[in-house]
Every structure is written in structure tokens, then in C-alpha cells.
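Colleague: Got a structure for you, questions after.
The values are calculated or read from the model by the stated rules, or taken from the named source; none is laboratory data. The structure presented is a predicted model; accordingly, all values stated were derived computationally and were not measured. Reconstructed Cβ throughout: ideal geometry from the backbone, glycine too, with neighbour counts over all protein chains shown.
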Amino acid sequence: MMKKIIIVICVIALLGSLHFIFSGRKLGDPAEYQGLSSVDVGKKAFSNLKCDSCHKMDDPSKLGGSLKGILGKEVEFVDGSKLIRDEAYLKDSILNPLAKIVKGRTGVMIPFKHYFYPKDKSPREKELNGLVAYLTSLK
Ligand code: HEC
């Protein structure tokens, strides 16, 4: 019991510090994305946002797994529920990754909701839609 509480506290602390680091960074200047196709915007955002530190397309053993060719394939979550991955699911997994945790993985992905929908600035939907387009393009 005690052990579980400690683990939960550690995870919260980790997420908190990651969020702090992220929110303090200047990421993805909108000018950088001008004139690019949606897929290229996504490709760039994937590297700017350091998605590639946890997702390597050619190495499923990395923390978050490969994201290659996952669209249209079934996924099972830790709570036993399943769904066929579609574009809406990809978007949800980026905004609220902790809402549905893929079975066999630890829920340590940083929630990006505040990055794409900041309270005081306009939403960064171009990057979000770009990421979905990029992931969809990976066959
Ligand atoms: C700190 C590591 C980390 C970072 C950074 C990260 N992810 Fe993840 N991601 C994970 C983990 C772990 C999972 C599996 C657990 C879960 O479902 O939340 C995951 C799951 C996902 C999934 C669902 C995968 C599936 O098999 O259905 C998508 C899509 C995704 N991430 C996209 C992204 C994108 C796009 C970014 C950058 C904006 C990103 N991730 C950044 C760790 C990370």
C-alpha cells in the first residue's frame, strides 16, 4: 500500500517537473511552419517537441514504442478496453495521453494539451493536425 502511494507521488512529481521544463521552453516558432505541407509540419513538430526522445519509428522497444503504421490497427489499454486507432484517437493520445494508457507501456507521456491549447494564446492546431497527418502518413 505504502509502496503504491510512493510510486504515485513519484510519477506526479516527474510529470510536474517535465511539464515545468516544457512550458518554459520556446518551442516551434509559428514562422518555422510556414509554407510546409501538413505532413512536413508534423515531422518538424515531432522533432521540435522531442516526441522522438520516447518514440523511435524503427525501435518499438523505446519507452513510447514506434508509431509507424498504427492507424487502423487495434490497440488494447491497461484497463482491458480496446479500439481501432483512428485520427481522433491519435489526437487524443497527444493531448491527453494519460486518459488511455496502452497495455504494456507505462503512462509517462507528457500531456501536450497546454502546449496546443494555451490559456493566453491562440491554439496551435496547425502543429497538432500536422502531427496527426505525419503519423497517418507512416506506413
Ligand atoms: C516522455 C516520453 C514521451 C514523449 C516525450 C512523447 N510520448 Fe507519446 N507515448 C509515450 C508512452 C510511454 C506512450 C504509451 C502510454 C500511453 O498510452 O500513454 C505513448 C503513447 C503515444 C501514442 C499512442 C500510441 C499507441 O500505440 O496507440 C501516440 C499517438 C503518441 N504517444 C504520440 C506522441 C507525440 C506526437 C509526441 C510529441 C508531441 C509524444 N508522443 C511524446 C511516451 C512519450
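Colleague: Being within 11 Å of the chain's Cα centre (by Cα), surrounded by fewer than 17 Cβ atoms within 10 Å (Cβ to Cβ) and aromatic (Phe, Trp, Tyr) is the filter here, so list the residues in region 98-128 that pass it.
Modeller: Hits for region 98-128: nothing passes.
Colleague: Show the residue pairs meeting these rules: Cβ distance below 6 Å; 6+ apart or different chains; first residue within region 26-51 and farther than 13 Å from Arg124 by Cβ and of a type in the set (A, V, I, L, M, F, W, C); second residue more than 10 Å from the ligand (Cβ to nearest atom) and part of a helix (DSSP H, G or I).
Modeller: Note: pairs meeting the criteria are Val39/Ala133; Val39/Ser137.
Colleague: Right, next: State whether the residues of region 70-88 include one that is touching a residue at least 60 places away in the same chain (Cβ under 8 Å) and more than 8 Å from the ligand (Cβ to nearest atom).
Modeller: Checked region 70-88: at least one residue is touching a residue at least 60 places away in the same chain (Cβ under 8 Å) and more than 8 Å from the ligand (Cβ to nearest atom).
Colleague: Restricting to region 102-137, name every residue that is of a type in the set (A, V, I, L, M), at pLDDT 95 or above and within 9 Å of the ligand (Cβ to nearest atom).
Modeller: Across region 102-137, the qualifying residues are Val102, Leu128, Leu131, Val132, Leu135.
Colleague: Going by the conditions given, is Ala31 more than 12 Å from the ligand (Cβ to nearest atom), at pLDDT below 85 and aliphatic (A, V, I, L, M)?
Modeller: no
Colleague: A further question on this structure: Output the residues belonging to region 70-97 that are of a type in the set (A, V, I, L, M, F, W, C), surrounded by 13 or more Cβ atoms within 10 Å (Cβ to Cβ) and either touching a His at 6+ places or on another chain (Cβ under 9 Å) or under 30 Å from Pro30 (Cα atoms) (or both).
Modeller: Once the filter is applied, which keeps residues that are of a type in the set (A, V, I, L, M, F, W, C), surrounded by 13 or more Cβ atoms within 10 Å (Cβ to Cβ) and either touching a His at 6+ places or on another chain (Cβ under 9 Å) or under 30 Å from Pro30 (Cα atoms) (or both), region 70-97 yields Ile70, Leu71, Leu90, Ile94, Leu95.
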